[in-house]
Amino acid sequence: MARFSILHMVELCAILTVVFLGGEPAMRVVTIEEARGQLNDLLASVLQGEKVFIRTEQGMVQLTAMPAVRPRQFGSARGMVKLGEDFDAPLEDFLPYLS
């Protein structure tokens, strides 16, 4: 029985996508040497939604686009929380502990 690594399975899925669906694979597998030379192109592809895998001696690495993090805007919840007038009044259950 033949054994396939994850790398072979990923490449096989890409080939099957092209053969059976008739389109371009939505993923690309490159070696580490190729990735060094075309990093800008790979990053642009990832930002457009393409899956990019880099094959290394230790295994496969996937490039993933992270959503942009917005800086915090202080005061954005102002007016959304209302506190009662007696918010900081001592609770009746704790009166014996306060004496």
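The values are calculated or read from the model by the stated rules, or taken from the named source; none is laboratory data. What you see is a predicted model; the values in this text were computed from it and never measured. Quick reminder, even Gly has a Cβ in these numbers, built from the backbone with ideal geometry, and neighbours come from all protein chains shown.
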Filter region 48-58 down to residues that are among the acidic types (Asp, Glu) and either outside any loop (DSSP other than H, G, I, E, B) or at pLDDT 90 or above (or both), then give me how many there are. 0
Considering region 59-73 alone, what residues qualify as being under 24 Å from Val30 (Cα atoms) and of a type in the set (S, T, N, Q)? Gln62, Thr64
Counted residues in region 59-99 being over 21 Å from Val46 (Cβ atoms), hydrophobic (A, V, I, L, M, F, W, C) and outside any loop (DSSP other than H, G, I, E, B) come to 3
